[in-house]
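Below is one structure, written out as structure tokens, with a few remarks after it.
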Amino acid sequence: MASESNALPRRVLVTGASGLIGKAIQHVVLTEGGKLDGEEWFFISSKDADLRDVGQTRAVFEKHRPTDVIHLAARVAGLFFLSKENLQFLRDNVKIDDNVLHTAHQMDVTKVVSCLSSCIFPDKTTYPIDETMIHNGPPHESNFGYAYAKRMIDIQNRAYFRQHGRCYTSVVPTNVFGPHDNFTAENGHVLSAVIGKTYKAKLEGTQVNVCGTGNPRRQFTYSLDLARIMVWVMREYKEIDPLIISVEEEMAIKEAVEVIAESLDFKGNIHYDTTMSDGQIRKTATTAKLRRYLPDFTFTPVKEAIKMTCDWFVANYDIANK
Ligand code: GDP
């Protein structure tokens, strides 16, 4: 398997390509010159196929005949919807993942890299979290449907390896942000939501309302850095076990909010609504395994990446999801 996965020519199919991470991979491959000679890349989104449907999944695989797949497609939403519709998120994601993985297997795809999420980690755990701890106890009950569906990808990867010797693997990014994120107050994650809210407050001359105390700390990972590493994983990583992809350092939400205000030149009042939930105070993940593989990879400094995301949002205000 090892030498096969390095063999060129390679036809790489990226599912879920219109989202935050898919757009970042497109940028790395098509704009930064990350494409190798002998590689062809195909980017598909829900417009091209409903991957919940096995027939449509098969058809899109037959059209592109990939040798490798980066599987990003998932039914996702903000926490509110995730927790209201656990059943739907469980069923849709189980269908999407089974269709993609099994079609890949049937069509002899050499490598599949799927994207998990740090919200699948056990709710009650010790820190830092590492790759071996994913299944050690239930995920947070609020989004258990989504979390268990994502965990099943790891289980299914092991089964394809055990029964068929397939190199189907996964990565687990922490708090991803960047261009093409969801900047809505309702559905955005913290950085994109606060960028959207701050810019709106600047335009309207109002204050910004940040949820919670601002004290929780997160490992904010820039989508372009994640994309660069995921392309490496697709080419080089031989393990079935997941790989956590994250910056090392944690940043307090309050500090990130200050960087956003400065980047957007927002001079108004920032209000911390302490009646709203802080969520988990920390969710520290270890980058030890990543560093064993890529000791020299340089992440974009977080403040710089936040600033670049703010600049992108302002420059693309018309098309941004806000
Ligand atoms: P998490 O890392 O999985 O908890 O997800 P988020 O990216 O949504 O971050 C949630 C944390 O950011 C909590 O501590 C929230 O209180 C805080 N936060 C502050 N303002 C906002 C906001 O406007 N939107 C979101 N999603 N979180 C916010």
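The values are calculated or read from the model by the stated rules, or taken from the named source; none is laboratory data. Every value quoted in this text rests on a predicted model; they were computed, and no experiment measured them. Neighbour counts run over all protein chains shown; Cβ positions are idealised from the backbone, glycine included.
So that you can scan it fast, the table gives a plain yes or no per residue for (1) within 30 Å of H135 (Cβ to Cβ); (2) within 12 Å of the ligand (Cβ to nearest atom):
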site	(1), (2)
Y222	yes, no
V233	yes, no
K267	no, no
Y272	no, yes
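Tally up the residues in region 117-139 that are of a type in the set (F, W, Y) and crowded, with 17+ Cβ neighbours inside 10 Å, please.
Here the count works out to 1.
Among the residues of region 235-247, what is the count of those that are within 21 Å of S118 (Cα to Cα), more than 13 Å from the ligand (Cβ to nearest atom) and in a loop (DSSP other than H, G, I, E, B)?
6
Among (1) touching a Cys at 6+ places or on another chain (Cβ under 8 Å); (2) surrounded by 15 or more Cβ atoms within 10 Å (Cβ to Cβ), which single condition is I244 missing?
(1)
Given the condition of a type outside the set (S, T, N, Q) and under 20 Å from N175 (Cα atoms), answer yes or no: does some residue in region 50-70 qualify?
yes
Quick one: which of V172, V112, V76 is aliphatic (A, V, I, L, M), within 16 Å of the ligand (Cβ to nearest atom), closer than 15 Å to L243 by Cβ and under 18 Å from the mean Cα position of the chain (by Cα)?
The conditions single out V172.
Given the conditions (1) surrounded by 22 or more Cβ atoms within 10 Å (Cβ to Cβ); (2) charged (D, E, K, R); (3) touching a residue at least 24 places away in the same chain (Cβ under 8 Å), and given that K197 satisfies all but one, which numbered condition is not satisfied?
(3)
Can you pull out the residues in region 274-300 that are away from the ligand (no atom under 16 Å from the Cβ), over 19 Å from S223 (Cβ atoms) and hydrophobic (A, V, I, L, M, F, W, C)?
Residue satisfying the conditions is A288 alone.
Give me the strands (runs of 3 or more DSSP E) completely within region 1-116, filtered to those with at least 3 residues that are modelled with pLDDT of 95 or more and crowded, with 20+ Cβ neighbours inside 10 Å, ordered by residue number.
The strands (runs of 3 or more DSSP E) meeting that bar are 10-15, 68-71, 111-115.
Return the residues of region 247-286 that are within 21 Å of T309 (Cβ to Cβ) and of a type in the set (S, T, Y); say none if nothing qualifies.
S263
Being outside any loop (DSSP other than H, G, I, E, B) and of a type in the set (G, A, S) is the filter here; which residues of region 248-298 pass it?
Residues satisfying the conditions are A252, A256, A261, S263, A285, A288.
Can you name every residue in region 183-200 that is within 8 Å of the ligand (Cβ to nearest atom) and basic (K, R)?
Listed by number, the list holds a single entry, K197.
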